[in-house]
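One structure is given here, and the rest of the page talks about it.
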Amino acid sequence: MQNSHIPKALAARKNAYAPYSGFLVGAVLETTDGKCFCGCNIENSSFSMTICAERSAVFAAVSQGYRSFRRITIVGGKTDHDAEHIPCYPCGACLQVLAEFCPPDFPITLVDGVHPLSELMPTAFQL
Ligand code: THU
């Protein structure tokens, strides 16, 4: 049994910059060689410039030369209590980005358990 990355994701969530929505998200993406990349959502006054926590983790990892991933853990909510108890499902854009690098059985851990990527994104776009 792998260690839970929920505490690490909750710590990453503390770095979220979300003054407009008040909804803070944290993600931990683990590479196949065991390195962790954390991400958080970063909002902008030009709202569409906002980046989600999951994509900030993927882009950090890929920018540093990592493209092979073992799992991702995601937490989010307006309050710490919500983040610890209510699952924060990744948005379609983040699932599409994960599908670029990860197989259908890639495990996505939320506070309600583990979901394979194919459950949350059964039909990713393919060029
Ligand atoms: N958000 C994420 O960080 N990940 C998702 O998968 C969906 C939503 C962020 C974006 C925005 O800052 C806030 O949550 C509310 O939509």
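Pairs needed: first member in the range 1-23, at pLDDT 95 or above; second member anywhere, of a type in the set (F, W, Y); C-beta distance under 7 Å; at least 6 residues apart or different chains.
Y20/F47
Residues of the range 25-46 being surrounded by 22 or more Cβ atoms within 10 Å (Cβ to Cβ) and among the aliphatic types (A, V, I, L, M), which ones?
V25, A27, V28, L29
Pairs under 6 Å by beta carbon, first residue touching a residue at least 40 places away in the same chain (Cβ under 8 Å) and within 11 Å of the ligand (Cβ to nearest atom) in the range 81-103, partner among the small types (G, A, S) and not in a helix (DSSP H, G or I), six or more apart or different chains?
As it stands, the answer is C88/G76, since those pairs meet every condition given.
Residues being over 19 Å from C38 (Cβ atoms), open to solvent by 90 Å² or more (accessible area, probe 1.4 Å) and not basic (K, R): count how many of those fall in the range 63-85.
Final tally of qualifying residues: 2.
Could you grab the pairs with beta carbons closer than 6 Å, sequence gap of 6+ or different chains, first residue in the range 110-127 and within 17 Å of R70 (Cβ to Cβ), second one at pLDDT 95 or above and part of a loop (DSSP other than H, G, I, E, B)?
Qualifying pairs under 6 Å: L110/P87; P116/D105; L117/C102; L117/P104; L117/F106; S118/P104.
Within the range 54-67, track down each residue that is of a type in the set (S, T, N, Q) and not in a loop (DSSP other than H, G, I, E, B).
Residues satisfying the conditions are S56, S63.
Is there any pair linking a residue in the range 46-58 that is farther than 15 Å from I72 by Cβ to one that is of a type in the set (F, W, Y) and near the ligand (Cβ under 8 Å from one of its atoms), with Cβ under 7 Å and at least six apart or on different chains, and which?
The qualifying pairs are F47/Y20.
Would you confirm, using the coordinates I've provided, whether G22 is within 11 Å of the ligand (Cβ to nearest atom) and surrounded by fewer than 18 Cβ atoms within 10 Å (Cβ to Cβ)?
Against the criterion (within 11 Å of the ligand (Cβ to nearest atom) and surrounded by fewer than 18 Cβ atoms within 10 Å (Cβ to Cβ)), G22 qualifies.
The values are calculated or read from the model by the stated rules, or taken from the named source; none is laboratory data. What you see is a predicted model, and the numbers here were worked out from it, not measured in a lab. Virtual Cβ from ideal backbone geometry, glycine too; neighbours counted across all protein chains shown. Only protein heavy atoms, including side chains, enter the accessible area calculation; ligands, DNA and RNA are left aside. Shrake-Rupley method; radii C 1.70, N 1.55, O 1.52, S 1.80 Å.
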